[in-house]
Each structure stands twice: as C-alpha cells, then as structure tokens.
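Visitor: Below are the structure tokens for one structure; questions will follow.
Bear in mind that the values in this text are calculations on the coordinates, not laboratory data. Bear in mind the structure is a predicted one, so any value in this text is a computation, not a measurement. Neighbour counts are summed over all protein chains in view; Cβ atoms, including those assigned to glycine, are modelled from backbone coordinates with ideal geometry.
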Amino acid sequence: MTSYIYEVTMEGPESIQAGFQRWLNEHISEMLGLKYFTSANLIHLGSAGPNRFQIRVFYSLQSLNDLNLYIKEAAADMRDKLPSEYREQIKYRRYHYDACALKNM
C-alpha cells in the first residue's frame with residue numbers, strides 16, 4: 001500500500017523535449033530499481049508557456065522514512081546523472097504528500 005507520494009514536476013523548452021523524455025524514461029526505470037520506490041506514474045501536462053513543455057512524475061513510497069532515506073542516501077547521485085545539456089534548461093519543483101491524508105479529503 002502506498003503511503004507517500006514524491007512528485008517531481010519538470011519544465012523546459014520544447015526543442016529538447018524528445019531527448020529529455022528519452023533520458024527521463026531511463027531515469028524513472030533506474031529510480032524504480034532503488035529500494036525506496038514502489039511505482040511511478042508520468043503525466044504530460046502540456047504547454048507551460050510559449051514553446052515550453054511540462055511533465056510530472058509521481059513516485060510512490062511505502063513511508064515518509066523511505067523518502068527521507070532516498071534523500072539522504074541517493075537523491076544527490078540520481079540528480080547528478082542529469083546530462084549536462086539539460087542542466088540549465090530544465091526547471092524542477094519537488095513536493096511530497098501523505099497519500100492516506102489525500103484519500104480522506
């Protein structure tokens with residue numbers, strides 16, 4: 001059962017979307033190979049302004065402890081794997097939610 005959601009929203013220029021999407025698909029697979037995450041859902045949000053795309057990934061975790069462990073043990077290494085050609089072009093927003101609390105709303 002999923003208890004926590006780690007959300008990552010990415011925005012960038014449409015000119016790099018195809019290449020970034022290929023990298024992101026591999027990255028999501030790698031993230032799911034880590035012990036912290038149980039599943040992931042990717043959503044294309046469409047335009048984020050003129051000639052800009054927006055993508056959101058929801059990663060499921062069993063607990064807040066799993067998220068804290070990921071941040072402590074692996075997040076920096078995973079973020080460092082972003083290819084240099086995307087580093088200055090992609091904007092990120094990260095959030096986390098208690099999935100149980102969302103169900104009770």
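Visitor: By counting other Cβ atoms within 10 Å of each Cβ, how are D80, D66 ranked from fewest to most?
Guide: Working: D80 8, D66 20.
By the 10 Å Cβ count, ascending: D80, D66.
Visitor: Taking θ = phi - 60°, what integer Hz values does the Karplus form 6.51 cos²θ - 1.76 cosθ + 1.60 yield along the stretch 46-54, in sequence order, with x for Gly and Pro?
Guide: x, 6, 10, x, x, 6, 10, 10, 9
Visitor: Read phi for every residue in the stretch 81-97 and hand back ³J(HN,Hα) as whole Hz from Karplus 6.51 cos²θ - 1.76 cosθ + 1.60, θ = phi - 60°, with x for Gly and Pro.
Guide: So the J values, rounded to whole Hz, are 7, 4, x, 4, 5, 9, 4, 8, 9, 9, 9, 10, 10, 10, 9, 9, 9.
Visitor: Hey, another quick one. Would you pull out the residues with amide H under 5 Å of F53's amide H, same chain only if 5 or more places away, H placed 1.01 Å from N?
Guide: Placed amide hydrogens put G12, E14, A48 under 5 Å from F53.
Visitor: Enumerate the amide H contacts of H96 below 5 Å, restricted to partners 5 or more residues apart or on another chain; note that Pro and chain-start residues carry no placed amide H.
Guide: Result for H96 returns E7.
Visitor: I'd like the trypsin sites (Lys or Arg not before Pro) in the stretch 18-105 restricted to DSSP loop residues with at most 14 other Cβ atoms within 10 Å, sorted by number. Mind dumping the intermediate values first?
Guide: Values: sites: R22, K35, R52, R56, K72, R79, K81, R87, K91, R93, R94, K103; in loops: K35, K81.
Here the sparse-neighbourhood loop sites are K35, K81.
Visitor: Can you work out the Karplus-derived ³J(HN,Hα) for every residue in the stretch 62-75? Use 6.51 cos²θ - 1.76 cosθ + 1.60 with θ = phi - 60°, whole Hz, and x for glycine or proline.
Guide: Coupling constants for the stretch 62-75: 6, 7, 5, 4, 4, 5, 4, 5, 4, 4, 6, 9, 9, 4 Hz.
Visitor: Now, a different point. Most exposed first by the Cβ proxy, i.e. fewest other Cβ within 10 Å, how do M10, M78 rank?
Guide: Values: M10 21, M78 13.
Ascending number of Cβ neighbours within 10 Å: M78, M10.
Visitor: Given the -39500 (n - 2.57) contribution per DSSP H run of 4+ residues, what per-residue ellipticity at 222 nm results for the chain, rounded to the nearest 500 deg cm²/dmol? Working shown, then result.
Guide: Values: 5 runs with 41 residues, N = 105.
Helices in the chain give a 222 nm mean residue ellipticity of -10500 deg cm²/dmol.
Visitor: Okay, moving on. Lys/Arg Cβ at +1, Asp/Glu Cβ at -1, dipole of the chain taken about the Cα centre: which of G33, L69, Y92 is farthest positive-ward?
Guide: Y92
Visitor: Which parts of the stretch 29-49 would a label at I71 reach, counting a residue when its backbone N lies under 16 Å from a point 7 Å out along Cα-to-Cβ?
Guide: 36-37
Visitor: Still on this structure, I have one more. Taking square-rooted eigenvalues a ≥ b ≥ c of the alpha carbon gyration tensor, is the stretch 1-68 rounded, prolate or oblate, where a/c under 1.5 means rounded and, failing that, a/b exceeding b/c means prolate? Let's see the in-between values first.
Guide: Details: a/c = 3.31, a/b = 2.01, b/c = 1.65.
Prolate, because a/c is 1.5 or more and a/b exceeds b/c.
Visitor: Quote to one decimal, in nm, the extra length available between N41 and Q21 on full extension: 0.36 nm per residue of separation minus the C-alpha distance between them. Can you show the working numbers first?
Guide: On the way: separation 20, 0.36 × 20 = 7.20 nm, distance 1.37 nm.
Contour length minus Cα-Cα distance gives 5.8 nm.
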